[in-house]
Every structure is written in structure tokens, then in C-alpha cells.
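First comes the structure, then the notes that go with it.
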Amino acid sequence: MEKIQNYIGGELKAPISGNYLDNVEPATGKVYSRIPESGEADLELAVEAAEAAASYWANTSLENRSAILSKVADLIDSNADELARAEAVDNGKPVNFAKAVDIYRASANIRFFAHAITQFSSESHGMGDIAVNYTLRDPIGVVGCISPWNFPLYLFTWKIAPALAAGNTVIAKPSEITPMTAYLFSKLCIEAGLPDGVLNVLHGTGASIGAPITTHPAIKAISFTGGSSTGAAITKATAGQFKKLSLELGGKNPTLVFADCDFEETVNEVARAAFANQGQICLCGSRIYIERDIYDKFRDALVERVEQIRIGDPLDGATQHGALVSKGHMEKVLSYIELARDEGGTIATGGQRRTLEGRCAEGYFVEPTLIEGLDNQCRTNQEEIFGPVATLQPFDSDGEAVNLANGTRYGLAASVWSRDIKRCHNVARQIDAGIVWVNCWLLRDLRTPFGGVKSSGVGREGGLEALRFFTEPKNVCIKY
Ligand code: NAD
């Protein structure tokens with residue numbers, strides 16, 4: 001059985017303890033590879049390698065840094081089929097979705113930051129005939145990047161690419177639930193000629209290696225994407241160390257459907273926003289608010305659309321809805337469907353585990369599920385489920401829609417569906433979220449700021465925001 005390895009100082013290495021964890025294929029429920037359970041001794045090796053490479057990489061010309069990163073992006077493209085298949089096996093997502101979204105965006109992230117760093121400039125502030133200030137933006141040094149399981153390679157590169165482009169050396173930890181593409185990526189970095197120690201990848205659990213990365217004194221900044229409770233634990237653990245922290249956390253995103261929307265398009269896109277990647281996207285619209293005038297018609301059309309989603313083996317090119325990422329996660333999602341029933345909800349469609357035949361008979365499949373009849377304050381509507389479960393609620397006015405949308409502790413993303421441009425601007429302005437999509441969802445321009453407010457995060461990633469996070473500004477004031 002394949003043993004995944006760490007990537008430290010330019011080499012693939014077994015964990016010093018010799019301990020491995022099982023890696024399960026969610027579509028079959030079977031162990032198919034082994035994951036290093038790295039610990040503090042592995043971290044020390046990685047920190048040593050990253051510190052040794054820091055000055056060299058910080059002083060490597062922008063052109064060279066950019067060229068090496070572009071080569072890594074090219075290698076992702078030329079290995080896209082293998083990477084997409086690996087992501088589908090490891091995560092349970094449909095292989096075609098993995099290729100079109102995860103792998104395509106992983107190479108796009110790296111290529112974007114390879115170019116962006118060559119255009120990155122800093123500010124100058126003149127003080128008349130007295131003085132001039134200019135801002136230097138130097139790399140921070142050794143930084144930590146910790147990512148989740150829902151877009152394993154995509155979100156891994158989302159952090160690593162700006163960190164490396166800005167001249168930092170990196171210690172990165174992918175999710176222990178989906179480690180495979182980070183391992184394949186380590187091999188591509190070696191092939192691309194990334195200098196030894198510039199990127200180090202450590203595998204293992206949050207407790208064994210994630211927490212030690214966050215508190216290691218040599219690691220000056222942490223970029224984390226994951227759950228809000230983990231973000232809170234990292235904030236507490238690092239209090240007093242004065243590290244830079246970027247936290248991209250959970251969501252419970254509202255979808256606001258107005259009676260004047262483009263009906264057919266909105267039905268299709270609202271279904272996609274709720275159930276893409278089996279509902280396991282931090283940006284998924286899991287609370288669907290529908291203007292009362294069209295509530296019944298929209299609900300019926302949405303149910304019909306959702307029932308057409310093809311559930312199947314992630315490796316089958318026709319599959320649109322694969323397995324959830326793990327048994328534990330499937331059980332959590334099913335328990336929320338039970339909770340919704342207990343809270344008085346009615347299942348409009350779905351609501352069950354789906355058993356497939358053949359290879360996937362033991363897989364973790366859950367039907368896309370729509371629930372109605374719940375109020376906004378119940379746990380089903382307040383807690384992040386992070387699976388194929390969305391609720392439907394009617395509203396009567398723009399003000400009520402905004403209040404319902406803002407009525408949770410989260411504030412990551414929202415989508416608004418209406419043909420009234422004035423309303424769209426007004427509603428978008430009033431929604432507490434880092435991202436509002438109008439008549440679209442998940443349309444991404446890599447230059448835009450990305451992140452959430454309230455319990456959905458602190459700081460912004462994306463574009464120049466990420467390059468600013470991964471550099472330390474220094475003002476130099478020169479008197480004339
Ligand atoms: P998680 O918080 O359990 O784990 C995320 C990563 O943190 C994993 O690599 C994990 O091993 C590590 N980790 C766990 N405990 C840690 C600790 N104490 N210290 C350091 N690292 C630790 O999240 P998950 O279950 O992998 O991912 C799902 C969550 O991620 C959802 O809440 C989802 O909304 C969120 N998410 C947010 C975004 C965003 O951009 N805002 C994107 C994707 C996912």
C-alpha cells in the first residue's frame with residue numbers, strides 16, 4: 001500500500017516516529033494509502049530547512065522566482081488527469097469536477113501569483129518640501145500554511161503560491177483527510193527545480209503537527225483555512241506570540257431569491273450553489289430565502305432540478321454528486337438532517353444516505369437535501385453543516401431578506417438573484433459578508449479580496465491582499 005511522504009529540505013522523507021495513519025477512499029470506505037503522522041521532530045527538520053533557504057529565496061530575483069512557480073503551474077497542467085483522479089479518489093468528489101475546478105484552479109493560483117509578484121509595488125508618501133516616505137515590503141521569513149480537505153490541492157496552493165512568490169519559505173500542512181495531491185505536488189516541485197527547503201510539506205493531524213506549526217517561534221505568520229472552532233483554537237494558542245494570522249473560516253451563506261429574478265437561470269444556479277462539491281464548499285448557499293410571491297413555484301422547480309443531479313462513483317465521468325469526504329463527516333451531516341426533522345422541518349427532497357451498487361457499495365453518499373418549515377433561529381439554520389443540505393424560507397420584503405441573511409454568526413459569502421439593479425446594489429451593501437455575488441455564484445477573479453467577517457474569518461486573501469499579508473511593510477522617512 002502506498003505510503004505518502006513528507007517533503008523536507010528538497011527530499012521526500014518518512015516521519016521520524018515511523019507512525020502512519022490510514023487514508024480512506026470515501027467512495028468505497030476502504031483504506032488505500034498511509035499518511036505520515038508527523039510530529040515535533042519532523043517540524044524541527046522542516047524549520048531548519050526553511051530557515052537555511054530563507055535568505056537565498058528572499059534574494060532570488062523576481063524573474064527567477066516567477067519562472068520556477070510558472071514551471072510548477074505548467075507541471076500541474078501536464079499532470080492534470082492524474083491529479084484530478086487522485087483528488088476524486090482521496091476526497092470523493094466527481095473526477096470531472098476535480099479537473100475543471102480543483103486542478104484547473106490550483107495551476108491558475110500559482111500562475112497568477114507568479115505573475116502578480118512581478119507587478120507588486122509599494123507606496124510612497126511625499127511631505128511637500130520636508131521629506132518623503134517610502135514603504136519597503138520584505139518577505140516575512142518562515143511562514144506556515146494550513147489547509148482543509150474540501151479543495152485539497154486548490155486551497156493548498158491558494159496559500160503557498162503568494163507566500164512563495166513574496167519570497168518566504170513555507171512549512172505547509174494539508175488536511176490529514178485528503179493528503180494525496182499535496183504529496184504529488186511535492187514531487188512536482190522537485191521536478192520543477194524549486195530550491196531545497198523553500199517549501200516543506202508535513203503530513204499529520206491537527207494535534208500532532210498542525211498545532212505545533214502554529215506555535216513554533218521560528219514561524220512568523222500563519223495562514224489558515226478551516227473551521228471556525230479551529231480558528232479560535234489557533235488564536236488562543238498563538239496569543240502573546242504576536243504572529244501575523246490570516247484566518248479563513250466557516251460559512252452559513254444566504255441565497256436571496258427575489259420574485260423578479262431570471263427564473264430558470266436562478267433555479268439552476270441556486271441548485272449549484274447549494275450542492276456543488278456535495279455542499280462541501282465554504283461558499284455554498286445553504287440558507288435559501290425566496291420572496292413569498294414565488295415561493296411555491298420556485299420550491300417545486302428547485303426540487304425538480306435537484307432530483308436530476310446524478311449521484312454516482314466519483315470516477316465515473318457522468319457523476320455530478322460524489323461521496324462525502326469521510327464516514328465521520330457523513331454521520332455528522334445525517335445527524336443534522338435528523339435534527340432538522342426534530343426541529344419541525346419537512347424534507348422537500350433527499351434526506352437519506354444513498355447506497356450504490358458495486359465498487360461503491362460501502363461509500364459515504366448522501367442525497368442532496370432540501371428542508372423547509374424551519375425558523376431562522378433553529379440550529380439547522382444557525383450551524384454550519386458543510387454538506388448537501390440546504391433550507392428554504394419565504395420572505396416578504398427586502399428589509400426582511402437582509403435581516404434573515406444577516407441573522408447568523410457567520411459572514412463569508414452571499415448571493416442575490418434579482419433583475420432590479422437598484423435593489424441588487426442596496427441589498428449587497430447591507431449584507432454582512434466578505435463576498436456578495438449578484439446573479440452569479442462562485443465567479444472568481446483572482447485579483448479580488450477573499451475572506452469573511454464575523455465568525456467567518458480575520459483578514460483577506462486573494463490578489464494583492466495575499467501579497468501584503470505575506471510581506472512585512474517598513475516605512476522609510478527621508479528628510480530633504
Ligand atoms: P478543520 O478546521 O478541522 O481543519 C483544517 C486544517 O487545520 C486541517 O489541516 C487540520 O488538520 C488542521 N488543524 C486541526 N486542528 C488544528 C489545530 N489545533 N492547530 C492547527 N491546525 C489544526 O477544518 P476541515 O474540517 O478540514 O474543513 C472544513 C472547514 O473549513 C469548514 O468549516 C469550512 O467552511 C472551512 N473552509 C473555509 C474556507 C474559507 O475560505 N473561508 C474554505 C474552505 C473550507
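The values are calculated or read from the model by the stated rules, or taken from the named source; none is laboratory data. The structure presented is a predicted model; accordingly, all values stated were derived computationally and were not measured. Cβ atoms come from the backbone with ideal geometry, glycine included; neighbour counts cover every protein chain shown.
Numbers for the structure displayed
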item: Number of positions in the stretch 259-300 that are farther than 20 Å from ASN381 by Cα, within 30 Å of the chain's Cα centre (by Cα) and aliphatic (A, V, I, L, M); result: 1
item: Verdict on ALA237 being of a type outside the set (Ser, Thr, Tyr) and under 20 Å from GLU383 (Cα atoms); result: no
item: Pairs with Cβ under 9 Å, 6+ apart, first in the stretch 127-147 and under 30 Å from ALA50 (Cα atoms), second buried (at least 22 other Cβ atoms within 10 Å of the Cβ) and charged (D, E, K, R); result: VAL143/LYS159; GLY144/LYS173; CYS145/LYS159; CYS145/LYS173; ILE146/LYS159; ILE146/LYS173; SER147/LYS159; SER147/LYS173
item: Count of the stretch 137-158 residues which are in a helix (DSSP H, G or I) and more than 10 Å from the ligand (Cβ to nearest atom); result: 2
item: Identity of the residue in the stretch 186-207, away from the ligand (no atom under 15 Å from the Cβ) and hydrophobic (A, V, I, L, M, F, W, C), that ends up surrounded by the fewest Cβ atoms within 10 Å (Cβ to Cβ); result: ILE190
item: Qualifying strands (runs of 3 or more DSSP E) (wholly inside the stretch 7-88; at least 1 residues being of a type outside the set (A, V, I, L, M) and under 24 Å from the mean Cα position of the chain (by Cα)); result: 20-25, 30-36
item: Odd one out for LEU412 among (1) hydrophobic (A, V, I, L, M, F, W, C); (2) within 15 Å of the ligand (Cβ to nearest atom); (3) within 20 Å of GLU291 (Cα to Cα); result: (3)
item: Checking LEU283 against (1) within 16 Å of the ligand (Cβ to nearest atom); (2) in contact with a Lys or Arg (Cβ under 8 Å, 6 or more places away or on another chain), the condition it does not meet; result: (2)
item: TYR134 farther than 28 Å from ASN475 by Cβ, aromatic (Phe, Trp, Tyr) and surrounded by fewer than 22 Cβ atoms within 10 Å (Cβ to Cβ); result: no
item: Test: residue in the stretch 231-247 that is more than 9 Å from the ligand (Cβ to nearest atom), farther than 30 Å from VAL416 by Cβ and hydroxyl-bearing (Ser, Thr, Tyr); result: yes
item: Any hit, the stretch 256-275, residues being within 16 Å of the ligand (Cβ to nearest atom), surrounded by 22 or more Cβ atoms within 10 Å (Cβ to Cβ) and either basic (Lys, Arg) or not in a helix (DSSP H, G or I) (or both); result: no
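The rows are residues; the columns are (1) surrounded by fewer than 22 Cβ atoms within 10 Å (Cβ to Cβ); (2) not assigned by TED's automatic domain parsing to the domain that holds VAL89; (3) not in a loop (DSSP other than H, G, I, E, B).
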residue: TYR295; (1), (2), (3): yes, yes, yes
residue: LEU302; (1), (2), (3): no, yes, yes
residue: PRO314; (1), (2), (3): no, yes, no
residue: SER335; (1), (2), (3): yes, yes, yes
